[in-house]
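**Q** Before I ask anything, here is the structure I am working with.
The values are calculated or read from the model by the stated rules, or taken from the named source; none is laboratory data. Predicted model only: the values in this text are computed from it and were never measured. All Cβ positions, glycine included, derive from the backbone under ideal geometry; neighbour counts span all protein chains shown.
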Amino acid sequence: METINVDVLVCGGGMSEMACTAFATEAGAKTLVAEKQTEIGGSSNYSAGMYWGSQTYDKLRYWVPAGDVTLQKAWMKDYLPAVQWMRDNVTVGNKISNLHDLHQNRIRSSKANALFTNTSVLRLIQKEPGLPGSTAIGAITCQNTPNSPSTYYEVQAKLVVLATSGFQGSPDITSKYLGQGGDNIVRPNRGLVGDGLNMVIEFGAGANRGMNTCYGHLLPAPLGAEDVDLKDYLPLAQYQSKHCLLIKEAGRRSADETTGDKIINQYLAKQERRREFILFKFFISGGVVDDVQGRCTIEQYDQVMPLRHKYISLDVPVGHGGPRSAPLVDGLLVAGVDAGGFSNLSYSGDLALAFVTGLWAVREAAKQLRLPVPRLPPAHSRDGKDKPVQGLL
Ligand SMILES: Cc1cc2nc3c(=O)[nH]c(=O)nc-3n(C[C@H](O)[C@H](O)[C@H](O)COP(=O)(O)OP(=O)(O)OC[C@H]3O[C@@H](n4cnc5c(N)ncnc54)[C@H](O)[C@@H]3O)c2cc1C
C-alpha cells in the first residue's frame, strides 16, 4: 500500500471540506481531499444554492431555538464576513458550481496538493490503535476508478478534518436515531451513510443532542426513494404548506403548519402511514379524509388562527441523542453542517454554515501548524440591519 504524507487530510469533498481545503492550501498547508463520489460538492450539488442565514443572533435563536448556543454565537461572528467573502470572490451569478470551481483552482494552484474523487476514507489511523481518544494520525483510503483495480493508500497526516456529513443513506442509522419510519424517508444523497459517525464512535466519541432531528421537506405521496430523480427534489418540496392546513385522514391537524414543511416533515415522518393532506383554499371531499371532522378542523382553525395573524411555536421536547460532550481527540477536527448541534429540529442556512465550519477547521489547523490564519473581509455595513421578525412569516 502506497503511503502519502500531508499536513491536512480532508475527508469528504462537500461545501465545508472544499472551503476548508482551499483556505488551508492558501495558508501554505499541504492538503489532500478524499471524496468518495465521482464529483466534488456533496449535497450542495442538489441544493437551491441559496447562501443565506439569520442576520442577527436574536433571529437565529428565534428560528433555531433548540440549537447549540455556543456554536450559534460563534457562527454569528463569521456569517456576515463570509457573505462578504462570497460577494468579493464568486462573481458570476450565485451558482454553487462557480464556488467549487474557484475552490478547485485555489487547491490546484500548488502541485503539493491533491484532490482525489472516487476515494473513500475507510478508517482513521490512531497513534495507539484501539485506545479511545488516542491521537488521529491519518487514514486508510480506497480509490475506486472505473475499470481499474482499487488502490489503497495510507495517508499520514498531521491533522485530519472529518467532514463526511450525515447518515441519510443508512436505513439502520436513520431508524436508530430518528425512530420508527426513519429508515424509509425519501432522501437525495444516498452516499451519506454515516461513515464519519462510525469512525469517531470507534474513537470513543459521543453524539450531540440533535441526533433525533433532521433536515428535510414534505414531498407528495405516494412516493418512494426509487421514484425520485435528484433534480426533482426542489420542485417536489411542498414549501407552500406553511400557508395551508395539513390534516390527517381522521380530519385533525397534528402540528403547527406555520413552522414550515422542513419542521412538519419530521413530525409526520414518525406517524403511522406518514402522510397528511394539504388543504389550500377549499376543502375537497374525496372520501379519504373524514368529511365532518375535516370541516370542523378548518372552522376552528379559521377562528383561532387567521393566516398571518399569530405565530404558534411548538412545545414538543427535542434532544435525547447522547452524551452532551466527549473529550477532544488530538489531530482530529470536524466540519460540516452535521458537526455539533447548531441545527436542532429547525435550521438556518446550511451552505453558509458548512462554509463557516470549514473555515473554523482551517483556522484551528493553521494555528496548530503555525501557518498564517485565514481571514475574512469585514462584513458590509448594510448587512446585519435587522427586519422585524414578523416580516419573515
Ligand atoms: C435538495 C436540497 C436543497 C438544498 N438547498 C439548500 C439551499 O438553498 N441553501 C442552503 O443553505 N442549504 C441547502 N441545502 C442543504 C445544503 O446543501 C447541505 O446541508 C450542505 O451542502 C452540506 O454540506 P456539508 O459539507 O456539511 O456536507 P456534504 O455536502 O454532504 O459533504 C459530505 C461529503 O463527504 C463525502 N463522504 C461521505 N463519506 C465519505 C467517506 N467515507 N470518504 C470520502 N468521502 C465521504 C460525501 O460523498 C459528501 O460529498 C439543500 C439540500 C438539499 C438536499
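**Q** Taking the conditions exactly as written (surrounded by fewer than 22 Cβ atoms within 10 Å (Cβ to Cβ) and free of Cβ contacts under 8 Å to residues at least 24 places away in the same chain), does Arg61 satisfy them or not? Spell out the reasoning first.
**A** Details: surrounded by fewer than 22 Cβ atoms within 10 Å (Cβ to Cβ): yes; free of Cβ contacts under 8 Å to residues at least 24 places away in the same chain: yes.
Yes: the conditions hold for Arg61.
**Q** I need the full set of residues from the stretch 333-349 which are in a strand (DSSP E or B) and among the hydrophobic types (A, V, I, L, M, F, W, C), in order please.
**A** In the first step, residues of the stretch 333-349 are kept if they are in a strand (DSSP E or B); the result is 333-334, 344, 346.
Across the stretch 333-349, the qualifying residues are Leu333, Val334.
**Q** Which residue pairs have Cβ atoms under 6 Å apart, sit 6 or more places apart or on different chains, and have a first residue in the stretch 1-28 that is acidic (Asp, Glu) and a second that is modelled with pLDDT of 95 or more and within 16 Å of the ligand (Cβ to nearest atom)?
**A** Final answer for the pair search is Glu2/Tyr153; Glu17/Val10.
**Q** Here is a further query. Does any residue in the stretch 117-132 that is under 13 Å from Ser150 (Cα atoms) come within less than 6 Å, Cβ to Cβ, of a residue that is at pLDDT below 90 and more than 9 Å from the ligand (Cβ to nearest atom) six or more places away or on a different chain, and which pairs are these?
**A** Going by the 6 Å Cβ cut-off, the qualifying pairs are Asn118/Thr145.
**Q** Six or more apart or on different chains, Cβ under 7 Å: which pairs go from a residue in the stretch 287-308 that's over 19 Å from Ala250 (Cβ atoms) to one that's among the aliphatic types (A, V, I, L, M) and at pLDDT below 75? Could you list them?
**A** As it stands, the answer is Met305/Ile312; Arg308/Leu393, since those pairs meet every condition given.
**Q** Kindly evaluate Gly166 against the criterion of being over 25 Å from Thr3 (Cα atoms) and assigned by TED's automatic domain parsing to the domain that holds Ala361.
**A** Yes: the conditions hold for Gly166.
**Q** Can you pull out the residues in the stretch 95-116 that are over 10 Å from Gly41 (Cα atoms) and of a type in the set (A, V, I, L, M, F, W, C)?
**A** Hits for the stretch 95-116 are Leu102, Ile107, Ala112, Ala114, Leu115, Phe116.
**Q** Taking the stretch 120-143 on its own, how many of its residues are in a loop (DSSP other than H, G, I, E, B), surrounded by fewer than 17 Cβ atoms within 10 Å (Cβ to Cβ) and out of contact with any Leu (no Cβ under 9 Å at 6 or more places or on another chain)?
**A** Applying the first criterion (in a loop (DSSP other than H, G, I, E, B)) to the stretch 120-143 yields 127-135.
Adding the requirement that they be surrounded by fewer than 17 Cβ atoms within 10 Å (Cβ to Cβ) leaves 127-133, 135.
Pick out the ones that are also out of contact with any Leu (no Cβ under 9 Å at 6 or more places or on another chain) and you get 127-132.
Adding up the residues that qualify gives 6.
**Q** Hey, Lys158 hits all of (1) more than 27 Å from Gly206 (Cβ to Cβ); (2) more than 14 Å from the ligand (Cβ to nearest atom); (3) buried (at least 16 other Cβ atoms within 10 Å of the Cβ); (4) of a type outside the set (S, T, N, Q) but one; which does it fall short on?
**A** Status for Lys158: all satisfied but (1).
**Q** Please tell me if Cys142 is within 19 Å of Asp261 (Cα to Cα), in contact (Cβ under 8 Å) with a residue 12 or more places away in the chain and either in contact with a strand residue (DSSP E or B) (Cβ under 8 Å, 6 or more places away or on another chain) or of a type in the set (A, V, I, L, M, F, W, C) (or both).
**A** no
**Q** Taking the conditions exactly as written (surrounded by 14 or more Cβ atoms within 10 Å (Cβ to Cβ), more than 16 Å from the ligand (Cβ to nearest atom) and outside the structural domain of Ala335 (by TED's automatic domain parsing)), does Gly194 satisfy them or not? Can you show your working first?
**A** Numbers: surrounded by 14 or more Cβ atoms within 10 Å (Cβ to Cβ): yes; more than 16 Å from the ligand (Cβ to nearest atom): no; outside the structural domain of Ala335 (by TED's automatic domain parsing): yes.
Criteria not met by Gly194.
**Q** Would you say Val200 is within 26 Å of Ser175 (Cα to Cα) and part of a helix (DSSP H, G or I)?
**A** Spelling it out, Val200 is indeed within 26 Å of Ser175 (Cα to Cα) and part of a helix (DSSP H, G or I).
**Q** How about the stretch 352-363: which of its residues are within 11 Å of the chain's Cα centre (by Cα) and surrounded by fewer than 24 Cβ atoms within 10 Å (Cβ to Cβ)?
**A** Within the stretch 352-363, Ala352 is the sole residue that qualifies.
**Q** Just checking: which of the strands (runs of 3 or more DSSP E) contained wholly in the stretch 1-119 hold 3 or more residues that are more than 10 Å from the ligand (Cβ to nearest atom) and of a type outside the set (Asp, Glu)?
**A** Qualifying strands (runs of 3 or more DSSP E): 2-11.
**Q** Restricting to the stretch 68-110, and then to whatever is closer than 20 Å to Glu17 by Cβ and either among the basic types (Lys, Arg) or outside the structural domain of Val362 (by TED's automatic domain parsing) (or both), can you tell me which residue is surrounded by the fewest Cβ atoms within 10 Å (Cβ to Cβ)?
**A** Lys95
**Q** Moving on to the next point. Please go through the stretch 203-239 and pick out each residue that is exposed (fewer than 15 other Cβ atoms within 10 Å of the Cβ), assigned to a loop (DSSP other than H, G, I, E, B) and of a type in the set (A, V, I, L, M).
**A** Ala221, Leu223
**Q** Sticking with this structure for a sec: Test each condition in (1) modelled with pLDDT of 80 or more; (2) more than 14 Å from the ligand (Cβ to nearest atom); (3) of a type outside the set (Ser, Thr, Tyr); (4) outside the structural domain of Gln300 (by TED's automatic domain parsing) for Gly204 and report the one that comes out false.
**A** With (1) modelled with pLDDT of 80 or more; (2) more than 14 Å from the ligand (Cβ to nearest atom); (3) of a type outside the set (Ser, Thr, Tyr); (4) outside the structural domain of Gln300 (by TED's automatic domain parsing) applied to Gly204, the lone miss is (1).
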